[in-house]
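The values are calculated or read from the model by the stated rules, or taken from the named source; none is laboratory data. Keep in mind that what you see is a predicted model, and the values were worked out from it rather than measured. Don't worry about glycine lacking a Cβ; one is built from the backbone with ideal geometry, like all the others, and counts go over all protein chains shown. Heavy atoms of the whole protein, side chains included, go into the accessibility calculation; ligands, DNA and RNA do not. Shrake-Rupley method; radii C 1.70, N 1.55, O 1.52, S 1.80 Å.
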Amino acid sequence: MKKYNFNAGPSILPQEVIKQTAEAVIDFQGEGLSILEISHRAKYFQPVVDEAAALMKELLEVPEGYSVIFLGGGASLQFCMVPFNLMEKKSAYLNTGVWAKKALKEAKGFGEAVEVASSADANFTFIPTDYEIPQDADYFHITTNNTIYGTELSDSKLADIYSKLGRVPLVADMSSDILSRPIDVSKYGLIYGGAQKNLAPAGVTFVIVKNDMLGHVSRYIPTMLNYQTHIDGGSMFNTPPVLPIYTAMLTLRWLKANGGVKWVESRNKAKAELLYDAIDHSKIFVGTARAEDRSRMNVCFVLKPEYQDLQDDFMKFATERGMVGVKGHRSVGGFRASIYNAMDLEGVQALVDCMKDYERKN
Ligand SMILES: *Cc1c(COP(=O)(O)O)cnc(C)c1O
């Protein structure tokens, strides 16, 4: 039976990318060696890193003066690397979920980290707008897509933030919506994310940093935690995550060949509309996120109060129909369908049919 992969992360990748990765594990570019056993310094691997960085720049239209680097440690390491490198005394954070809160916690270890607003009291079901950004902060940090709660900063909410910034650089965790829509990179001082949601298997983190953001803090920054080290080393200061970078490059090629982020944005819109429409017209399901802040990547929904006892039964029904990973995060409950770039409309239609068929029999 065909499986439909709605996992939140690590998550779905394009089938052809998985096949090409498997081929490289057996024989890397006809060299008679596996990608698992070649030196990262080998002549064949440097072009992979270079192409991956160049494709990130091309697809996201990254302006001059920015560097793209690939690191280990996950997005979670960035929670401390960002303040370590960018925060002298003060920073500001928008608290829109567990990941945002974890980022804020790390910044508190380096000085005054201000939480400008939070939707914690409403279990992060919306994106707050009523706040100002302190003009003496070294940066303002946002999480553009809140993977667990299914909320996302829409283009209009992002525009509102850009207008509020003043002189303060913007830093964003884009782990779960990178490359899902066009983004104006020139508005950002730094963008980072774990690649395992929309780009690659777990193990590699991307960082897009404006070069003039660096070199302004007075503390000693350990060599491995200093962004400049990795810019100077072309992501090869130490052994990089070779295989995940290779897969990332293949995913970027796939995205480019299909029409880039504009193409994937329209596909993502169509997928999200199809699924939210089914939820909004459902007798038994209801969405959890405020409509204007709904994520196009992670769609969260629960059973209406009078149908609560069907939780396990629906999970069983969905699993029998090949739906994988539809269980909600434990802090929200219910269900979450992650419909990242690699998920096609047909997959979302299969989930919608499954929900409707289940509804009909109850
Ligand atoms: C998954 C996720 C993280 C954590 O990423 P790791 O690579 O596991 O550290 C951080 N932020 C967001 C928005 C995420 O979705």
Inset, instruction - Could you tell me whether any residue of segment 71-88 is touching an Asp or Glu at 6+ places or on another chain (Cβ under 6 Å), modelled with pLDDT of 95 or more and part of a strand (DSSP E or B)? - result: no
Legend entry - Unmet criterion (only one of (1) in a strand (DSSP E or B); (2) away from the ligand (no atom under 16 Å from the Cβ); (3) within 19 Å of the chain's Cα centre (by Cα)) for Val114: (3)
Legend entry - Test set (1) within 16 Å of Thr205 (Cβ to Cβ); (2) surrounded by fewer than 18 Cβ atoms within 10 Å (Cβ to Cβ) - Trp99 fails condition number: (2)
Inset, instruction - Report the residue count in segment 101-160 for those that are over 18 Å from Leu190 (Cα atoms) and of a type in the set (Val, Ile, Thr). - result: 8
Legend entry - Residue tally, condition charged (D, E, K, R) and within 16 Å of the ligand (Cβ to nearest atom), over segment 125-149: 0
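Among what's in segment 182-197 and is more than 10 Å from the ligand (Cβ to nearest atom) and open to solvent by 10 Å² or more (accessible area, probe 1.4 Å), pick the residue that is nearest to Ser67 (Cα to Cα). Full working, then the answer.
Here is the first cut: in segment 182-197, the ones more than 10 Å from the ligand (Cβ to nearest atom) are 182-191.
Within this subset, residues satisfying the condition of being open to solvent by 10 Å² or more (accessible area, probe 1.4 Å) are 182-184, 186-187.
On the way: Pro182: 18, Ile183: 16, Asp184: 15, Ser186: 12, Lys187: 15 Å.
Among them, the one singled out is Ser186.
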Legend entry - Unmet criterion (only one of (1) surrounded by 19 or more Cβ atoms within 10 Å (Cβ to Cβ); (2) under 21 Å from the mean Cα position of the chain (by Cα)) for Ser154: (1)
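Would you list the strands (runs of 3 or more DSSP E) that sit entirely within segment 150-258 and hold 3 or more residues that are touching a strand residue (DSSP E or B) at 6+ places or on another chain (Cβ under 6 Å) and in contact (Cβ under 8 Å) with a residue 60 or more places away in the chain?
188-194, 205-210
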Inset, instruction - Go through segment 194-215 and give me each residue that's of a type in the set (Gly, Ala, Ser) and in contact with a Leu (Cβ under 8 Å, 6 or more places away or on another chain). - result: Ala200, Gly203
Inset, instruction - Taking the options Gly9, Gly32, name whichever one is touching a residue at least 24 places away in the same chain (Cβ under 8 Å), out of contact with any His (no Cβ under 6 Å at 6 or more places or on another chain), part of a loop (DSSP other than H, G, I, E, B) and surrounded by fewer than 21 Cβ atoms within 10 Å (Cβ to Cβ). - result: Gly9
